[in-house]
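Student: I'd like to ask some things about the structure below.
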């Protein structure tokens, strides 16, 4: 028992550096994979990631409860709120698809910084759904964040002219995809917060339930989005080791976020995001020859200032 508690405390302390590293590497790795292999089906990657996540959660629960695993699951699923989880499961599927698409159209650091728009959408839905109130400083910080994102988009539109195969249309499409993902993320996070406050299920159970619902939704998305391609080339067309590694890496991300939610607060998570932005920026310049100018740097400063004002 004491060993389990010690291991749990260790995971809690390790979850923040794991989240920081995962956030940066996931975006960088996705951008790299999509650059050299843009033909694999992102819809199948989302499905496979949810399947891996389900198997990981089930495997951990099986180790914890051993022969009583199905009795344990029966208790939680009997009193679960599966019906209420259909909406976030569908939105998570949408977000994951947009994640791949946006990383095809934007460079990694621009994607990550623009995705901080989810702070604005999360605040909005917290006000509407949870009746949460914000100070004048927090409202001002949201305006600063939006201004910073606009500056970065101005820089990215200009730099796209110097990158072969990249057009302003691609950049604008990627920007739109990130905005939609941010709106979806903000609503989903707040919606789940409201649901989870009335539930004592563990985070593993919650992830298991979400994955269980996301899997059939992902299958439906494959049929709608890539049904013809799958019938001709197969579900895993153009898959290789890097793609499979990326899919598994995305699945692990859900578990890491669960650890952070269990052991830390929002301030710590945002600090992790800030460090992750810096790490992604350094890696993007080194690996992808990311061009930056005064608009980008000024916008980056605005994003950091807004995060500080909002959470500290």
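Values quoted throughout were computed directly from the atomic coordinates according to the rules given, and no laboratory measurement underlies them. Everything numeric here is computed off the predicted structure, so don't read it as measured data. Here the Cβ positions follow ideal geometry from the backbone for every residue, glycine too, while neighbour counts run over all protein chains shown.
Student: What FRET efficiency, computed as 1/(1 + (r/R0)^6) with R0 = 41 Å and r the Cβ-Cβ distance, is obtained for residue 240 and residue 139, rounded to the nearest 0.05? Kindly include the intermediate steps, with their values, before the conclusion.
Tutor: On the way: r = 47 Å, r/R0 = 1.16.
The computed FRET efficiency comes out at 0.30.
Student: Here's another thing I want to ask about it. Points 7 angstrom from Cα along the Cβ direction at residue 62 and residue 170: gap in nanometres?
Tutor: 4.3 nm
Student: Report the FRET efficiency, 1/(1 + (r/R0)^6), for residue 124 and residue 231, where r is their Cβ-Cβ distance and R0 is 35 Å, rounded to 0.05. Let's see the in-between values first.
Tutor: Numbers: r = 41 Å, r/R0 = 1.18.
Here the calculated transfer efficiency is 0.25.
Student: Expressed in nm to one decimal, what extension gain is obtained for the pair residue 248 and residue 70 from 0.36 nm per residue of sequence separation less their Cα-Cα distance? Can you show the working numbers first?
Tutor: Values: separation 178, 0.36 × 178 = 64.08 nm, distance 2.52 nm.
The span from residue 248 to residue 70 would gain 61.6 nm if fully extended.
Student: Could you tell me the calculated FRET efficiency between residue 77 and residue 282, based on Cβ-Cβ distance and R0 = 35 angstrom, to the nearest 0.05? Mind showing how you got there, number by number?
Tutor: Values: r = 45 Å, r/R0 = 1.27.
Rounded to the nearest 0.05, the efficiency is 0.20.
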